[in-house]
Amino acid sequence: MVDKYLSTNIVVLVLNWQTWQETIACLASLQQLVQPVRIVVCDNASTNDSVAEIKAWASQHYTDTDITLINNKNEAVNTSNVLLTAFTLIETGGNLGFAGGNNIGLQHILLSREIDYVWVLNNDTVVDKYAIQQLSQHMDNDENIAILGSTVAEYDHPDRIEAAGGCHYSPLLTRVSNHLQGHSVKAVCAQPPAVQLDYVYGAAMFIRTQVLEKVGLLNEEYFLFYEELDYTQRIKKYHYQIAWCPQSIVYHKGGASIGGRGQNKEKLKFATYYETINTLRFTAHFYPLLLPAVAILRLSLKMLFLAFRRHFFLLPTLITAYSHFLYELITKKNGKHLKNNNKNKK
């Protein structure tokens, strides 16, 4: 068993927060892969039984020598000469968000020089047994590809596509459209069309480790939403390609932890806040000339949408996100102005 796992150059990285049942279902599907992988799970300081349950699952499926347990993020990222075992569980010590939690795992993986690919996978997914094999073959055949997306299907409707590889993004309207959403998985995979994606769908991102070393880690400023779009934009600056591997199939249950499958008001407020402020942050980073138009247009359309849905309770959250972004913008401008003045004095 040990030799089987140590011979692979692929690691699957899964982030858990509170939803250990989803994570264990994901891990169980990874065990059915025809090509073995090593697994790293990062837990973002879950307050329920997540860590204990994941440890118990690991102990049932791996030997003691195949398991590494790390309960301190500093230990995870400051250790030298890491030999990744078959299964690693890292307790990050806090709710660091999607980017922060995954970055702890990515830093730990990069300390091992024997890994070529990392599959950043949502914990609310299960995978087809050939998914990794297809991804690695696709990546091996084209060294210009930095990041690959899978064919992500709806878990409850497994022949219906949620996102074929990735998404298209309109910078002015800040509108996201999932590629081939609603199409048949069988029909699309039989004759996959040529496509230019704006970014790879964040539920399943297959990345070269040499790209991570060159481009850097995920941007922790976002906490939630826009991490994959930001990362793809940064990848493109290095003239790498992003692509879709049609035969790599992943089934996504969809955003249960952030209100995607229910109407929990607090979760909806949480999602609305970060979606709004991160839209503005992303625009400021990559399309600064569009920022005034985007801010006005998005606020107007979002307020109309919330009124139409009768989600009036989200309006204060929307305004709060705008006010926090405006404060950030003013603070950064003042900081740059002060820095320039100090340079001029010298």
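The values are calculated or read from the model by the stated rules, or taken from the named source; none is laboratory data. For clarity, every value in this text was computed on a predicted model and none was experimentally measured. With ideal geometry, Cβ positions are generated from the backbone for all residues, glycine too; neighbour counts draw on all protein chains shown.
Of note:
- Unique match (being surrounded by 15 or more Cβ atoms within 10 Å (Cβ to Cβ), in a loop (DSSP other than H, G, I, E, B), out of contact with any Cys (no Cβ under 6 Å at 6 or more places or on another chain) and among the small types (Gly, Ala, Ser)) among GLY182, GLY202: GLY202
- Of the helices (runs of 4 or more DSSP H) lying entirely inside segment 1-83, those containing at least 1 residues that are touching a residue at least 60 places away in the same chain (Cβ under 8 Å) and of a type outside the set (Phe, Trp, Tyr) are 2-6, 20-30.
- Of all residues in segment 194-211, those that are without any contact (Cβ under 8 Å) to a residue 60 or more places away in the chain and small (Gly, Ala, Ser) total 1.
- Residues that are out of contact with any Ser or Thr (no Cβ under 7 Å at 6 or more places or on another chain) and more than 23 Å from TYR117 (Cβ to Cβ), drawn from segment 26-58: SER46, THR47, ASN48, ASP49, SER50, VAL51, ALA52, GLU53, LYS55, ALA56, TRP57
Each row is one residue, and each column tells you yes or no for (1) among the aliphatic types (A, V, I, L, M); (2) in contact with a strand residue (DSSP E or B) (Cβ under 9 Å, 6 or more places away or on another chain); (3) buried (at least 23 other Cβ atoms within 10 Å of the Cβ); (4) outside the structural domain of GLY149 (by TED's automatic domain parsing).
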residue	(1), (2), (3), (4)
ASN81	no, no, no, no
LEU89	yes, yes, no, no
GLY94	no, no, no, no
ASN102	no, yes, yes, no
LEU111	yes, no, no, no
GLU114	no, no, no, no
ASP128	no, yes, no, no
GLN133	no, yes, no, no
GLN137	no, yes, no, no
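- Among all residues of segment 288-304, there is at least one that is of a type outside the set (A, V, I, L, M, F, W, C), without any contact (Cβ under 8 Å) to a residue 40 or more places away in the chain, in contact with a Ser or Thr (Cβ under 8 Å, 6 or more places away or on another chain) and on the phi < 0 side of the Ramachandran plot.
- Some residue of segment 145-162 being in a strand (DSSP E or B) and of a type in the set (Lys, Arg): yes
- The residue list THR209, THR151 contains one member that is surrounded by 19 or more Cβ atoms within 10 Å (Cβ to Cβ), in contact with a Pro (Cβ under 6 Å, 6 or more places away or on another chain), modelled with pLDDT of 95 or more and outside the structural domain of ARG298 (by TED's automatic domain parsing), which is THR151.
- Of all residues in segment 117-125, none satisfies being modelled with pLDDT under 95 and touching a Ser or Thr at 6+ places or on another chain (Cβ under 7 Å).
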